[in-house]
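Heads up: the structure comes next, in structure tokens.
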Amino acid sequence: MARKPAPPAVELKSATLEAMRALLHAADAPSVAAALDARLGPTPGFFSGEPVVIDASALPSDAAPDWAGIRDALARHALTAVAVQGVDDAAADAARALGLAVVAADAQPDRTPAPEPAAEPVIEAVPEIESPVASAPEPVVASAAARRAEIIDKPLRSGQRVYARGCDLIVLAMVSAGAEVIADGNIHIYAPLRGRALAGASGDVQARIFTTCFEAELVSIAGVYRTFEHTAHSELLRKPAHVRLQEHEDKQVLDVAALATT
């Protein structure tokens, strides 16, 4: 009986990779490192090696990003740089020399334009990018059928991720610590929110997050993040809450407030 041929040592297959975007407003590593320390310093290692696309599209055309320094600054916060975008040929060649991929800039969503960015790097959610080799579990993605909202009625365990592309997300069960819910629109959670919630993932600054029991690790709207270390004395702990973007001293900040239920 003929033996089956042995499989090859490696197979290359198409896969989707959910990544974050580091939008640069400075090309030098010290400025980027300082901004990351200011934003993520209270929660070292929170992102656990998540992949990052470094976006240089907001930099001047003659800027020469310090890819190695920026990569190392991200790594200090457990963020793994995998690619760059928004670069000219010289910057692209420099990135490739460090083993970083170069991807095309994303198309702008058909939404109300966001205000001018603040003068610091902003970590943003980015739609899926194509990768030739799978390096992360593929997220659960909303159906391609036209919907106003994706509805999840089962608890999300640690490590699970749901992405409602192009619509709102409604969750009727608990989002456990370590789980992540993402939506291009609003997020409504009628249960405890103990993991991460990222609304307006395609840049919608009007998106909001609602939950009947606020215990979140991280919330984000249109790429503006805020992390939490809850204590027994936290004002909103286990209470209904509402998250939105507001203007404060010429920049956008996340406002988390109690949600009236009567």
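No value in this document is a laboratory result; all are computed from the given coordinates. Keep in mind the model is a prediction, meaning the values are calculated, not measured. Cβ sites come from the backbone with ideal geometry, for glycine too, and all protein chains shown count toward neighbours.
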Completion exercise
Rounded to the nearest 5, the percent of DSSP beta bridges in the range 159-262 running antiparallel is 45 percent
Exercise for the section: Report the full-extension gain for the segment Lys154 to Ala105: residue separation times 0.36 nm, less the Cα-Cα distance, to one decimal in nm. Expected result: 14.1 nm
Handout entry: Eligible lysines near Lys154 by straight Cα distance, threshold 30 Å, same-chain separation 8 or greater
Key = Lys239
Handout entry: Stretch gain in nm, segment Gln206-His242, where the contour uses 0.36 nm per residue and the Cα spacing is subtracted
Key = 11.7 nm
Practice task
Set the Förster radius R0 to 35 Å, insert the Cβ-Cβ distance between Ala258 and Ala6 as r into 1/(1 + (r/R0)^6), and round the FRET efficiency to 0.05.
Solution key: 0.05
Handout entry: Hits among lysines - C-alpha to C-alpha of Lys251 under 24 Å, sequence gap 8 or more where chains match
Key = none
Problem - Protection-proxy order for peptides 85-91, 247-253, each taking the mean of Cβ atoms within 10 Å per residue, highest first - result: 85-91, 247-253
